[in-house]
Amino acid sequence: MLWLNRSAINRTLCFFVLSLLIIGNIVQAQDYCPAWPGLNTAMKQKKVSNVNIPGTNNIHGYLEKLPDDYNSTTKKYPLLIFIHGVDQGGPGTDSSLCKLLGEWWWTPSSLSERASNPVFPASVLDQFGQIQKYIVITPQMVNWQDVNGTVNALITHLLGKYRADPARVYLTGLSAGGNYVHDYATYSLANAKRIAALIPVAPCNTISAQGAKFIADADLAYWGIQCSIDDRCAGTNVMNAANLINSQNPAPTPLAYHTTFAPADCPQNEHEVWGIAYNPAFRQTINGRSVNVYEWAVQYSRSALLPVALENYTVILRDGKVHVRWTTSSESNNARFNIERSADGKQFIDIATIPAVGNASGKAYEWIDERPLANLSYYRLTQTDLNDHTEKFQIRKILNRSVSDRAIIVAPNPFTTELTAYINVPQTQLVTINVADISGRVLKTVSGKYAEGAAEITVSTTELPKGIYFLKVKGESFTQTQKVIKQ
């Protein structure tokens, strides 16, 4: 008869129970989301929720995908930032981050969760045949405002938290996210130089001539992807953007590239071309090399440090004075800032010079215009380094009217294809614009949350016939109606 030692049995039972507890804790530590078609329930990515990113209130959470060897090396990795579409926004809580896996068809975030092909590539080869592995970050946007401050604050935060290569930061987005990455890169030359490649997918906006010049002067690699019969916006947006970039003098290196699918090659839902664009199996021959978007982007890098990394730049009307504020996260060989003002947005006059600190990790600046122009005026911040190279940042608009005057201006009025209203709000609030015909029937509605200061709201009116309309602007602290005319 075999007798078991009581202490040995107790040790065995304790080990068994402890093992169950450890396994249970490991399972509980995994991030979970409701199962999406083709995705695992237990997530491969990590949810980073309820985070505070200095410099922005527009992102409070994101999905994080690290390379499989991240914790066993000390090297730096390329960083891919993916901006989602309009329906995936949220407050960055643990539960709301699951919306980032809900994009229809494949995106970098959903591909990272798939158990079978197609999956996000574990590694790609660059132009030299070297293996590269991405850090992939998918932030959840609260709203679509303050593109400059939001993206710059995010990049600064990520570069400080992860071993990401600051010379290899890549930005991509789809639909509303495609608009956002377009707007970021065309905001200033500094922004265009801060990223190494830009991939807008199905954007509903194109870029301005000034924005194209920023991208060309920065030699920012550009690959736009869209369906020619996009059912939600013009199917020529990325084609027009690429052509405008390449028409600059001097032309960029590399030349901007676009893929505009013919109708027969478009997906069934024409706008949702990201189901093709982000699939690693989708390849194009660019400069003699067959690449997908991940292989294409990783071949580009930045070598020079920017003289100034601008984080926040706001122009706000308060108590009859205009406050111009901006913050830098780093400065190198910076000589000065200048503030320019214009009554028409074309002819600018230098109204202030503010000495810079030269070299610093960052600084907050403010200048107050004690005697601003009446009605609509324009402000522009410029920066000059010690070599007299000057960079101009995005123009800001201010509507300066007394309490007894109208708080909105429509310009131009009469209008043609779109209606643009300029407003000033005393504090952050929800603002709704309705366009109604003479019988009072509401034909168009646009709403959004706008921060303190001036805001420009544009309403597409291409489908409206010529005639007289009434524009009603309603905020939490004001309501005004104005007659407008479409010609």
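The values are calculated or read from the model by the stated rules, or taken from the named source; none is laboratory data. What you are looking at is a predicted structure, and each value in this text was computed from that prediction instead of being measured. Every residue, glycine as well, gets a Cβ built from its backbone with ideal geometry; the counts of neighbours run over all protein chains shown. When the accessible area is computed, the model is the full protein with side chains, heavy atoms only, and any ligands, DNA or RNA have been set aside. Shrake-Rupley method; radii C 1.70, N 1.55, O 1.52, S 1.80 Å.
Numbers below:
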| item | result |
| --- | --- |
| Strands (runs of 3 or more DSSP E) within segment 314-397 that include 3 or more residues open to solvent by less than 60 Å² (accessible area, probe 1.4 Å) and not hydrophobic (A, V, I, L, M, F, W, C) | 321-331, 334-342, 375-385 |
| Selection status of A297, touching a residue at least 60 places away in the same chain (Cβ under 8 Å) and farther than 30 Å from N413 by Cβ | yes |
| Of residues in segment 165-189 being without any contact (Cβ under 8 Å) to a residue 60 or more places away in the chain and open to solvent by 10 Å² or more (accessible area, probe 1.4 Å), the one farthest from I245 (Cα to Cα) | N179 |
| The lone exception for G467 - which of (1) among the small types (G, A, S); (2) surrounded by 12 or more Cβ atoms within 10 Å (Cβ to Cβ); (3) free of Cβ contacts under 8 Å to residues at least 40 places away in the same chain it fails | (2) |
| Extreme residue, farthest from N243 (Cα to Cα), among residues of segment 190-213 that are open to solvent by 20 Å² or more (accessible area, probe 1.4 Å) and assigned to a helix (DSSP H, G or I) | R194 |
| Residue in segment 136-148 that is outside any loop (DSSP other than H, G, I, E, B), closer than 23 Å to Y300 by Cβ and over 19 Å from the mean Cα position of the chain (by Cα) present | no |
| Within segment 252-294, tally of residues that are part of a strand (DSSP E or B) and more than 13 Å from Q226 (Cα to Cα) | 6 |
| Residues of segment 473-483 satisfying the condition of being assigned to a strand (DSSP E or B) and surrounded by fewer than 18 Cβ atoms within 10 Å (Cβ to Cβ) | K474, T479, Q480, T481, Q482, K483 |
| Subset of segment 33-52 (residues that are at pLDDT 90 or above, crowded, with 18+ Cβ neighbours inside 10 Å and part of a strand (DSSP E or B)) | K47, V48 |
| Residue that is farthest from Y184 (Cα to Cα), among those in segment 67-118 that are touching a helix residue (DSSP H, G or I) at 6+ places or on another chain (Cβ under 8 Å) and of a type in the set (A, V, I, L, M) | L101 |
| Sole residue being more than 25 Å from N279 (Cβ to Cβ) and at pLDDT below 95, chosen from D217, D231 | D217 |
| Of residues in segment 451-463 being hydrophobic (A, V, I, L, M, F, W, C) and in contact with a strand residue (DSSP E or B) (Cβ under 6 Å, 6 or more places away or on another chain), the one most open to solvent (accessible area, probe 1.4 Å) | A454 |
| Matching residues, segment 60-88, being surrounded by fewer than 20 Cβ atoms within 10 Å (Cβ to Cβ) and under 15 Å from S109 (Cβ atoms) | E64, L66, D87 |
| Residue in segment 249-257 that is surrounded by fewer than 24 Cβ atoms within 10 Å (Cβ to Cβ), touching a strand residue (DSSP E or B) at 6+ places or on another chain (Cβ under 7 Å) and more than 30 Å from N334 (Cα to Cα) present | yes |
| Set T314, T259: member being modelled with pLDDT under 95 and under 22 Å from the mean Cα position of the chain (by Cα) | T314 |
